[in-house]
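K.L.:
Handing you this structure, nothing more for now.
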Amino acid sequence: MRNADRSVPFSSLKVLSRAPAPRITVGGVGRRHPLETILAKPFTRKVLGYISQPRPDGRSLFEVLAENYDNDRLRGWERWKWKLPSLVIDLALAHYRLDKELMKRKLFHHPPTVRALALTARSIARYGLSAPQRFAAPLFVVWNITQLCNLACKHCYQNAGPRPAPDELTLEERLKVVDELAENGVPFLAIAGGEPLALKDLWAVLEYANRRGIHLTLATNGTLLTPETAARLKECGVKYVEISVDGLDPDEHDGFRGRRGAWARAVQGIRNSVAAGIRTGLATCFTRRNVHRAAEVIEFAIGLGCQTFSHFNFIPVGRGREIVEEDLTPAQRELLLATLQRYLAEGRINVISTAPQFARACVVYGPAEGVFATGHAGRGMGSKTMVLSRYIGGCGAGRCYCSIQPNGTLTPCVYISSIKVGDLRRQSLAEIWESDLFTLLSDRSRRGDHCAVCGYQAYCGGCRARAFAYTGDITAGDPGCVYNMPLWRELVAKASSELPVFQPLAATASRMERLSLGGGPD
Amino acid sequence: MPWWVAGGLLAACAVLLVALWLALRRSRAQARRLQRAIESAGYELVHGANAARAHLIALEQETSSPLSSSHLGEIRRALERLERAAGTLAGALRPESAEAPGSSSAPAPPNPA
């Protein structure tokens, strides 16, 4: 059954059914930045509200100011009008010893960053400063634009296949979705699928989204990524392409992906993307089959010229439910996170992960002035980034991130496609974003098991998709986290009273099939 | 009061003030060093302990696994961090720690590797 076919209304969701667990982690050491005190003041909230409020032309004062700062294209009176604000910004940059040209390029004249900052200001004005921050609109949207895919991957959360879903959005409706995102100030959009490159409407959507100033990224299996396609993606303003490769063994990849030759074509796709000058990432979904080769896979990505390595946290949903026994144990995941953190700290490649624990791992395994991951967004050095990662806050489902399904329904996360929160065909994004479920997900105090008491709650929050997939309670502890080992043991005990989770796959598979995944998800 | 007495008193006061100011500055610098050391040590102690705990839990789960040695390696690293933090803290708490041979006024940089 396809994900979109089954939906769970919020009223019937099982929530907060699990009590907090005894606290294992020591907490209390969190650097505080002076800016936090300033941003928390009511006066600052009022100022932020004023400068981030959309004006009649749809843009905020902050966006207009950023665009006109030191803008050589301005002429006559317009040029003089913006001289004084530009001078004030120059003085501030000089005071904080920031490189003017760099700030101009990466911040003031980089529309998605400006839009993200405007959205952050609007969010602080509306909800106050909170760690993690609740956003007034999604900061990041993953749009599964089609169900159509030329592969049949065993772990596909989307249950994608050779045909598009019958109720997929038309091109006109897709462009309306882009308008909706732009009007709500969404800065970052990732297009996924299915296989987005198999969709003929993709190019029109990309061109339009680019024109509307949205930062575009694309997740693909890479098999259709020819040099011409890569060049066209670049023309359409795609800033980052992420290609899935499950390991170094072509046969294993092809078996997992359901098509011979998929590995070779995906690797060629990476080469084509790198050659086209697009920032390219290699994404791997680690399971018990390939996790022992994590370091080799990252080295392979570096060798191919990828700038980013992306870890996909396997969640047993969609077709992935059929291979639940391949999910990593919390212990395996912890070692994987430690490995990823070391590569991130080393700096040869950027490392991102869909596991919210990765932000926590950067704090746990790195020094105070080391490298920190800011959720899925990227990395940075030092305690300022550590503070930032507390506000980005790990799992962003329904708080700073959401997913759009091929038929326009909005879900908290790509891995929670069975909970339909709203429908963009009939409702506005702003209306859906204020849903009770998103309010619940944004509140970290409403969690069960160790996620309720964890010292890293603000950095991580636990994967809501995994909690929901395994327990049916979206607020339960994340059973994939080592600090929730009692919950994992409980789940495994449900499958078999004597099941050692770390037995070889073949021995555990049949018994793990009996593992109850709760009533809610697919 | 003769001028030279008043001048002498003034000079003595000035010398006293300078000495006081120097002592205060020194003690403030020492306090700042101490604060930095405590913060750094606290950071290492807290997160090192949590890292050790994570892998201890993992090890308890996987006693017979080939990954046991990896978990032990992680615990060893975490313990090294705890020891380093304890050393930094001890060094900072020692009087005149900045001047002690082989010591540094800055907290020992933790080594993540």
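K.L.:
Across peptide A:351-363, what mean number of C-beta atoms from other chains lies inside 10 Å of a residue's C-beta? Could the numbers behind the result be given before it?
P.N.:
Working: counts 0, 0, 0, 0, 0, 0, 1, 0, 0, 3, 2, 1, 5.
Taking the mean over all residues of the peptide, I get 1.
K.L.:
Amide H of A:Ala136 versus every other amide H placed in the peptide plane: which residues, excluding those fewer than 5 positions away on the same chain, fall under 5 Å?
P.N.:
Here A:Ser123 satisfy the definition.
K.L.:
Give me the tail of P(r) for the range A:296-397 as a percent: Cα-Cα pairs with distance above 20 Å. Before the final figure, lay out the partial values.
P.N.:
Numbers: 2034 of 5151 pairs.
It works out to 39 percent of all Cα pairs.
K.L.:
In whole angstrom, how long is each semi-axis of the equivalent ellipsoid of the range A:243-369, when you take the square root of 5 times every eigenvalue of its Cα gyration tensor and sort them from largest down? Let's see the in-between values first.
P.N.:
Numbers: eigenvalues 106, 85, 24 Å².
Equivalent ellipsoid of the range A:243-369: 23, 21, 11 Å, largest first.
K.L.:
Just counting partner chain Cβ atoms within 10 Å, what average do the residues of peptide B:41-53 show around their Cβ? If you can, show how the numbers build up before the last one.
P.N.:
On the way: counts 1, 4, 9, 3, 2, 9, 12, 3, 3, 13, 7, 1, 6.
Average neighbour count from other chains, rounded to a whole number: 6.
K.L.:
So for the range A:437-486, what percent of the C-alpha to C-alpha distances run longer than 13 Å? Write out the running numbers ahead of the final one.
P.N.:
Details: 582 of 1225 pairs.
Everything past 13 Å amounts to 48 percent.
K.L.:
Ignore the peptide's own chain and count Cβ atoms of other chains within 10 Å of each Cβ in B:68-75; give me the average, rounded. Provide the component values of the computation, followed by the final result.
P.N.:
Values: counts 2, 0, 5, 4, 0, 2, 4, 0.
That average works out to 2.
K.L.:
If contacts are Cα pairs under 8 angstrom and at least 6 residues apart, what is the relative contact order of chain A in percent? Display every interim value, and only then the final one.
P.N.:
Working: 1055 pairs, mean separation 92.5, N = 522.
After rounding, I find 18 percent.
K.L.:
Also, quick follow-up: Quote the relative contact order of the range A:42-168 in percent (integer), defining contacts as alpha-carbon pairs under 8 Å separated by 6+ residues. Please report the intermediate quantities before stating the final value.
P.N.:
Working: 114 pairs, mean separation 26.2, N = 127.
Computed value for the range A:42-168: 21 percent relative contact order.
K.L.:
A follow-up question, please. Considering only C-alpha atoms, what is the centroid distance from the range A:79-128 to the range A:195-274, in Å?
P.N.:
The range A:79-128 and the range A:195-274 have Cα centres separated by 33 Å.
K.L.:
Additional query: Could you please tell me the mean projected area of the C-alpha convex hull for the protein assembly as shown, averaged over all directions and given in square nanometres to one decimal? Present the calculation step by step, with values, prior to reporting the outcome.
P.N.:
Numbers: hull surface 144.3 nm².
The orientation-averaged projected area of the Cα hull of the protein assembly as shown comes to 36.1 nm².
K.L.:
Regarding the range A:193-293, what whole-number volume in Å³ per residue does the convex hull of its Cα atoms give? Please report the intermediate quantities before stating the final value.
P.N.:
On the way: hull volume 9.9 nm³, N = 101.
Roughly 98 Å³ of hull volume per residue.
K.L.:
I've got another one for you. What value does the range A:137-176 have for Rg/Rh, both radii from Cα atoms and Rh as Kirkwood defines it? Mind dumping the intermediate values first?
P.N.:
Working: Rg = 12.2 Å, Rh = 11.8 Å.
The Rg/Rh ratio comes out at 1.04.
Readers should treat all values here as calculations from the given coordinates under stated rules, not as data from a laboratory. Predicted model, so just to flag it, every value in this text is computed and none were measured. When we count neighbours, we look across all protein chains shown, and the Cβ atoms used for this are built from the backbone with ideal geometry, even at glycine.
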